[in-house]
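A.B. asks: Got a structure for you, questions after.
The values are calculated or read from the model by the stated rules, or taken from the named source; none is laboratory data. This is a predicted model, so every value here is computed, not measured. Neighbour counts are summed over all protein chains in view; Cβ atoms, including those assigned to glycine, are modelled from backbone coordinates with ideal geometry. Calculation scope for accessible area: heavy atoms of the full protein, side chains included, ligands and nucleic acids excluded. Shrake-Rupley method; radii C 1.70, N 1.55, O 1.52, S 1.80 Å.
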Amino acid sequence: MILKYFFFRVIGALFFLFLGLSCEIKKEVRISDSKFAKKVYPLLDTNHSRWFFFSSASRPFGMVNLSPDTEIDGAWGSGYRYNTDTVKGFSHIHAWQLAGPSIMPINPDVMDKKSVFHDFYSSFNHQTEQIFPGYHQLLLDRYQIKAELTSTKRVGFHRYSYDENIALLFNLNGQLGPSFMNHGVLSTSEEPDLVTGQVTNLPTFRRPKPCTVFFAVKFNIPVEEIKQDSSTGNYVVYFENSRAKPLMAKFAVSYTSVKNAEINLKEEIPGWDFDQVVEESLNEWDRWLSRIEVEGASVEQQRRFYTDLWHALQGRRIISDVNGAYPDNTGKEFRIGQLPLNDEGKPLFNHYNSDSFWGAQWTLNTLWGLVYPEMMDEFVHSLMQYYDDGGVIPRGPSGGNYTYVMTGASSSPFIISAVQKGIVKDDFDIIYQALRKNQLPGGIMDKVGYEHNTSIGGGLSYYMEKGFVPYPLSDIIYGSHQDGASQTLEYAYQDWALAQMAGKMDKTDDALYFLSRSCNYKNLFDSISGWIRPKNKEEEWKADFDPYQIENGFIETNGAQNTWFVPHDIKGLSQLMGGDEAASTKLNQAFLEAEKLGFTAGPSHERETHPEYSRIPINYGNQPSIQTAFIFNYLGKPWLTQYWSRRVTEEVYEGLSPQRGYNGDEDQGMMGSLSVLMKIGLFSMKGGCSLEPQIELGSPVFDKITIKLNPRYYSGKELVIEARNNSAQNRYIQSARWNGKELHNWYILHNDIVKGGTLILEMGKEPNEQWATK
C-alpha cells in the first residue's frame, strides 16, 4: 500500500513536471515558411537610426516595439544603432517622443550586488544575431545569455537561456532615448510570479507634459526577491532556481493603469508558448505585406521593396488598451478616456501616437488609401478623438497630448483624402468644422513648431491679411520652423484641400474663400530670380537671397527645392515661370544637378546642413521636394516623370545595408511609403484631395504587381499592373491599356482603380513622346 502511494506520488510529480516543462519545448519557427516577411531586411539604414526607426519584436502599429538599445542618449542617434556593439537594455516603447521600461538580463552570481546598477552593459556580435519581423535574438557576450524577443500588440515576450542563474535589472530612471525617465516604481504582487510598476517620461521640448507608462510582468519562475538601488532608483529581480529552464517574461504595458496592463497581458498572451507567438507574429506580418505581391526584378530589389513596405506600417503606434481605455492629456488634468465600443464590447478603433503628417499627402495618403484603407479610417477616427477631447486636430500627438510638431495643418489633407475616397463615410459636418477651425485664427495654423504657450509663430494673421507669412516674422522666436516662405506654400496647399471638401459639401462660400487663399503662393514668386522668395513684414524681398541656401525662410529645405511645392496648381506655377516648356526645362536641369549628389542632401538627416549637400536643388532624403519627378506629367512630358522617378529609385531607394537606406529621415513610414509607390509606378500629386482623386503613373520597377483590395471598403478584388518588356533600360511607357481599353492619360481615377482591373503597360528603351501628352 505504501509502495503504491509513493508510486502515484512520483508519477503525479513527473506529470506536473512535464506540464511545467512542456511550455519550454521548442518547435523551430522557420522563416522560410514565410512568403513575404522573410524578404524583409530589418537592418536597413540602422547605422543612422533615430529612437523610433528600428523595429524587430513588434507587430504592425503595435504599442510595444521591443528591441535592444545600443544608444540611449536623445531622440536622434539612439535606439538600435548598428555600428555600436554594446547592448544597454531591452526597452519596450520606441515611439514619437516616448520611451518605455527597459530591462537587462544579468548573471547575479558573478556580479557585485551594488555595482550591478552602474555596470551592466554587454557587448554582442552581429554574427550571433538573428532578426526578422516579430523576432530578435542575440547573445550577450558578457553573460553568455541568449536573449530572444517577440511580442503582440501590447505585450513584449522575452526568453533568456543560460546554464547559470539569471536576474533581471529594471532600468526605470535616467535618460532613455527622447525622454528622461523618472519616478520608476517596481512592486511585488500577491502572485509570486507577477510584478507591476510604472515609470514616467518627463516633459520634453516637444512633448510639454509628462507621460506615465504602467506595466505588469509575468514570469515563468517565482520571484525570490527584489533589490532597489538608492542612488539610481533602479531594481534587480532575483528568481528561485532560475537554472532549471529558460527564464521567460511577459511584459505588458499601458498608458492608463497597472490594471489595464494586466488586462492587456491576459488578453494577448494567456499562455507560455513563446515560439507560437513568434509564429503568429510572422504570420501577421505576412498577411499585411501580402497585400502587394511583386514579380520580376532582382531578389535584392524584391527584398528592398518589402522592407520599405514594412517600414510603411510602423512608427505610428497604438496608445489605447485592449479594452479601449486611452490616455487623454489634452486638458489641464490627465484623465483616462474610453473609446466607443461595438456590440461585442470591443473598441471601434484604436487610438494612436504619431509624428507629424508633414509630407503624408505624397506618401501615406496614397499607399494607405489604396492598400490599407482600414488604417486610414482608424487614424482619422483617432485624430478626431483628439479633437473631441482637446478641441484641435493635432499635427503629431504624443502621449495623448499635442506637440505642435512642424507647421501648418498637416493632418488636413490626410483626413480630406479619406473623405474624398469614401473611406470615411460618416460625420462629415463635424469633420469639416474641425478642419475649418484648424485653418482659422485659434486653430493649429496659428502655431509654429512646438509653440506650446502662444499662438503667434504660425503667422496666420499676416497670411490672411497680406497673403503670405513674412520672414522674419519677429525678433522673438516662438517655436521651431518659423520660416515664412515654406509656411505660405504649405498653407496654400492645405487651403486648396479644404476648399475641395467644402465644395463636396456644397459650402460654396467657404470653397471660394479657401480657394482664393490657395493662390497666396503667387505672392512669393519672384519673377526676376524665378524662385519662391521670402518677403518681410514690409513686403520687401529678402535681401542677399540665395535659392540654394538651406532654411532662411524655408523649412528643412532651400528655395530651389521648395519652389515646386505647389501641388494643387502646377499650371499656375508653370505660367509664372513662363509656360510648361520653360518650367520643364528648369526642373529637368534641377534633376541633372541633383543627380551628381545622388538626389539626396547627404547620407543621413544630420548631414542636410552640410555646406555642399544642402545646396542640392532636389532632395529625396526629406519630404519638401519628393513630388518633383511627377511634376513632368503635369507639364506635358510624362516620359520625364518615367525617367526621373526610375533614376531616383535606383539611386536612393535600392540596396540592402545597415550603412544607408533612406539617406535622410524615414519619418515613421513616410519615405518607406514613397519608395513603395515609386517602385509600383503610382503617385498622387494632390494627395487624393480632389473632388475626384486620381492615381498618376510613373515607371514600375517590377514586371507584375498585384494589389489586393480591401472588400470592406472597395468593390474590386484586386488591381493588377503588368509592365511588359520591362527592364532597367526599358523604363518608358510606349502604350497602356486599362481593362482592355487604350489608355491615353497618365492617370486613372481612384474610384475606377478600386473597382479592380488590369493595367497593362508596354515598356520600351526610348521615350514615346506622343503617349499621354494630349
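A.B. asks: Tally Lys/Arg at +1 and Asp/Glu at -1 over every other residue whose Cβ is under 15 Å from the Cβ of residue 725; what's the total?
C.D. replies: Values: positive: 646, 704, 724, 731, 737, 765; negative: 295, 703, 722, 762, 766.
Residues near residue 725 contribute +1 overall.
A.B. asks: Still on this structure, please answer the following. Just how much of residue 516 is accessible, in Å², when a 1.4 Å probe is used and the result is rounded to the nearest 10?
C.D. replies: Spelled out: residue 516, probe radius 1.4 Å, area about 70 Å².
A.B. asks: Using a 1.4 Å probe on the protein heavy atoms only, what accessible surface does residue 427 show? Give it in Å² to the nearest 10.
C.D. replies: Answer for residue 427: close to 100 Å² accessible.
A.B. asks: Run the accessible area of the range 521-626 with a 1.4 Å probe and give the carbon-and-sulfur part as a rounded percent.
C.D. replies: 46 percent
A.B. asks: Related question: Count charges around residue 126 for me, please; just the other residues with Cβ under 14 Å from its Cβ, Lys/Arg as +1, Asp/Glu as -1.
C.D. replies: -2
A.B. asks: With a 1.4 Å probe and all protein chains left in place, how much of the accessible area of the range 303-437 comes from carbon and sulfur atoms, in whole percent?
C.D. replies: Solvent-exposed carbon and sulfur of the range 303-437 make up 48 percent of the total.
A.B. asks: Could you look at the range 151-295 and say what percent of its accessible area is carbon and sulfur, using a 1.4 Å probe and all protein chains?
C.D. replies: 45 percent
A.B. asks: Can you give me the relative contact order of the chain as a percent, contacts being Cα pairs under 8 Å and 6 or more apart?
C.D. replies: So the answer I get is 11 percent.
A.B. asks: I'd like the accessible area for residue 188, computed on protein heavy atoms only with a 1.4 Å probe and all protein chains in place. Round to 10 Å², please.
C.D. replies: About 100 Å², ignoring ligands and nucleic acids.
A.B. asks: Then there is this: Working from the alpha-carbon coordinates of the chain, get Rg over Rh, Rh being the Kirkwood radius.
C.D. replies: Here the Rg-to-Rh quotient is 1.00.
A.B. asks: With the other protein chains left in place, how much accessible area per residue, in square angstrom, belongs to the chain at a 1.4 angstrom probe?
C.D. replies: In whole numbers, the chain has 36 Å² accessible per residue.
A.B. asks: For the range 189-295, run through the trypsin sites (Lys or Arg not before Pro) and keep only the ones in DSSP coil with at most 13 other Cβ atoms within 10 Å of their Cβ.
C.D. replies: Those that pass, being in a loop and sparsely packed, are 243.
A.B. asks: Still on this structure, I have one more. Which value results for Rg/Rh of the range 67-162 when Rg is the Cα radius of gyration and Rh the Kirkwood radius based on the inverse mean 1/r?
C.D. replies: 0.95
A.B. asks: If you average the C-alpha positions of the range 520-545 and of the range 68-140 separately, how far apart do those two centres end up, in angstrom?
C.D. replies: 50 Å
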